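Just so it is clear, none of the values below were taken in a lab; they were calculated from the coordinates. Fair warning: this is a prediction, and the values are worked out from it, not measured in the lab. Reconstructed Cβ throughout: ideal geometry from the backbone, glycine too, with neighbour counts over all protein chains shown.
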Amino acid sequence: MTEKMLQFVDIEQTMPEKRAANIRRQDFQEIYAQFDVRNAETQASRCSQCGVPYCQIHCPLGNNIPDWLRLTAEGRLEEAYEISSATNNMPEICGRICPQDRLCEGNCVIEKDFSSVTIGSVEKYITDTAWDNGWIKPIKPVKESEQTVGIIGSGPAGLAAAEELRKEGFQVHVYDRYDRAGGLLVYGIPSFKLEKDVVGRRIEHLISSGVIFHMNFEVGRDASLQELRECHDALLIATGVYKSRDLKAPGVGLDNIEEALDYLTASNRQDFGDKVTGEDAKKFDASGKHVVVIGGGDTAMDCVRTAVRQGAKSVKCLYRRDRNNMPGSAREVKNAEEEGVEFVWLSGPEAFLGDKSIDAVRAYRMKLGAPDITGRQAPEPVPDSSFDLPCDLAIMALGFEPEDLPTLFDAPELRITRWGTVTVDHSTMMTNLPGVFAAGDIVRGASLVVWAIRDGRDAAVAIARYLSADINKEKAA
Ligand code: FAD
Ligand code: SF4
Ligand code: SF4
């Protein structure tokens, strides 16, 4: 092993500089600065180059982390980029928004006593440098194929599959109902976690590599699944999950109770410079309002931090479990608290109060009861514990479910699970319809970007195998 490594005993963990909370709450720019060369090299050199790297095992992409850390420590960044991009189609995006504390960094063996290697920040540094230096070039397939693949959905699953299939020379068409490509990378996740031009340059890269995007094209409205099947040799469904989970409580229909994704989409559109006008401009603007966000996942974290930036008078997050049992990333909770968000743990909504518009959320205290079959303690309401929180804007962030795809796509024959996700054979990623594959949240349920990329890559391999078998059959005939 190079003598540069194993420095974790002498060199402390340093994260890229984080902008002060009182400054960053005034804008939507990313909160972490970039490592400089010296920091990237010294932080990478803390890695002990494990023989069995737990970081890699716990990265859904199986990224070759020890190798790119060593190359970074040695100043061999272009080679580090080659290795990092061999397993990941958007390392700079994962470096920014993966919940590293639950994945690679949370499983780094030096985490316990000395703090983990800052894997995500080094990964982001490597690929941002690759972009700056022009190392990322349009794809030029060795051989062009006449076979075409249609991809429904331009989120990370669809984009990863598009890139991998283009490398193999297939003619790739991506269809999306939105006006911009990127899925939740552009209209869900706010800019203070992932700036829009970071996603934009990935899309430009795919366009210059020959991927054809058909925007404002909604499958189900502009074509049925069957019509699209007739246009392509294979199809990939990568439509994500968008139906908000409901909450049943008195007063839930009052004005100014909004769905999280509607709220975040409006804010993200404003970030792009789009005009949000009329009623939407008022109802999705938190400035001067008491805001209560209900839920404890990543989406809830994004809503509370967006409301802070819009100038809310107060922002509270109501969650029925405690800090240790919330699904959102611990790092994001800390960021939110620094920015002035108040977490009301162990509390659930009982009713929404008001005449026409909401005035207050009535909540009750919860306690954690006996563990259920998954081992998670179920929250139970504490009797006579009600209290009211003043509220002019309530945002529901209770998670997402799949839309009814067989109906939407006019394809009743498409098989789905009892949760509404699309059924695939996991060894081929193919649905019950020959030549129709599926990947990402629409198969897993609401998950993570890194898992969507993994699925997109797996689907691309399976589609390529399916199409080459097709060609071989034709040749044999
Ligand atoms: P999506 O990204 O949802 O993309 C699906 C695309 O399909 C969309 O562009 C949609 O317009 C299109 N589409 C849908 N139906 C049709 C149709 N009928 N016709 C044409 N196009 C259609 N994950 C993380 O790892 N880190 C985070 O910090 C994080 N934060 C998140 C914050 C929020 C607010 C949300 C909602 C999710 C967050 N996630 C995060 C989860 C992550 O964004 C998703 O797991 C990931 O984007 C799923 O990728 P996908 O490609 O399967 O679907
Ligand atoms: Fe960690 Fe995500 Fe990068 Fe994997 S892709 S190394 S989990 S930040
Ligand atoms: Fe390096 Fe930590 Fe991974 Fe070991 S687990 S290879 S120390 S980053």
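Mind scanning LYS124/LYS196; LYS167/LYS243; LYS283/LYS356; LYS4/LYS334; LYS18/LYS137; LYS196/LYS289 and naming the pairs with a C-alpha gap bigger than 22 Å? Too far apart for the 22 Å limit: LYS167/LYS243; LYS4/LYS334; LYS18/LYS137; LYS196/LYS289.
Applying both filters, DSSP loop and at most 11 other Cβ atoms within 10 Å, to the chymotrypsin sites (Phe, Trp or Tyr not before Pro) of region 385-477 gives TRP419.
Distance from the Cα centroid of region 191-231 to that of region 34-73 is 32 Å (rounded to whole angstrom). Shown here for region 22-77: trypsin sites (Lys or Arg not before Pro) in loop regions (DSSP other than H, G, I, E, B) with at most 16 other Cβ atoms within 10 Å, namely ARG76.
Residues of region 12-30 falling in the label zone of ASP197, defined by backbone nitrogen less than 14 Å from a point 7 Å along Cα to beta-carbon, are 29-30. Taking 0.36 nm per residue of sequence separation and removing the Cα-Cα distance, the ARG331/ASP101 pair yields an extension gain of 82.0 nm.
Normalised radius of gyration for region 3-131, please: alpha carbon Rg relative to 2.2 N^0.38 Å, two decimal places. Don't jump to the answer; show the numbers that get you there.
On the way: Rg = 14.0 Å, N = 129, 2.2 N^0.38 = 13.9 Å.
Rounded to two decimals, the normalised Rg is 1.00.
Ordered from longest to shortest, the equivalent ellipsoid semi-axes for region 318-477 are 45, 18, 16 Å, each the square root of 5 times a Cα gyration tensor eigenvalue. When the convex hull of its Cα atoms is viewed from all sides, region 403-458 shows a mean projected area of 3.8 nm².
Each of ASP404 and CYS231 was given a label point 7 Å from its Cα along the Cα-to-Cβ line. The distance between the two points is 2.5 nm. Tell me, what is the FRET efficiency for ASP322 and SER468 to the nearest 0.05, using R0 = 56 angstrom and their Cβ-Cβ distance as r? That gives a FRET efficiency of 0.60.
Each Cα pair under 8 Å and six or more residues apart adds its separation to the average, and for the chain the resulting relative contact order is 15 percent. Using just its DSSP H runs of length 4 or more, each adding -39500 (n - 2.57), the chain gives a mean residue ellipticity at 222 nm of -10000 deg cm²/dmol after division by all residues. Rounded to two decimals, what is Rg over Rh for region 218-301 when you use alpha-carbon atoms and the Kirkwood radius? That ratio is 1.09, to two decimals. Kirkwood's formula applied to the C-alpha pairs of the chain gives a hydrodynamic radius of 23.9 angstrom.
What is the percent of Cα-Cα separations in region 255-336 that go past 23 Å?
Values: 671 of 3321 pairs.
Distances greater than 23 Å cover 20 percent of the Cα pairs.
Rounded to the nearest whole angstrom, the semi-axes of the ellipsoid equivalent to region 106-215, taken from the Cα gyration tensor as √(5λ), stand at 30, 18, 14, largest first. For the pair VAL461 and GLU146, a Förster radius of 22 Å applied to the C-beta separation gives a FRET efficiency near 0.65, rounded to the nearest 0.05. With one equal scatterer per alpha carbon and no solvent term, the Debye-computed log10 I(q)/I(0) for region 369-464 at 0.10 1/Å reads -0.46. With Cα atoms as the point set, the radius of gyration and Dmax of region 378-428 evaluate to 19.5, 53 Å. A Förster radius of 30 Å combined with the Cβ-Cβ distance from ILE57 to MET15 puts the calculated FRET efficiency at roughly 0.80.
What is the list of residues in region 435-461 whose amide nitrogen lies under 14 Å from a point 7 angstrom out from the Cα of CYS50, following Cα to Cβ? No residue qualifies, since no backbone N sits under 14 Å from the label point. Projecting the Cα atoms of VAL315, TYR466, GLY210 onto the charge dipole of the chain (Cβ charges, centred on the Cα centre) puts VAL315 farthest toward the positive pole. Gain on full extension, evaluated as 0.36 nm per residue between LEU6 and LEU368 minus their Cα-Cα distance, stands at 126.1 nm. Annotation: amide H of PHE170 within the under-5 Å range of SER145, sequence separation 5 or more or interchain, hydrogens built in the peptide plane.
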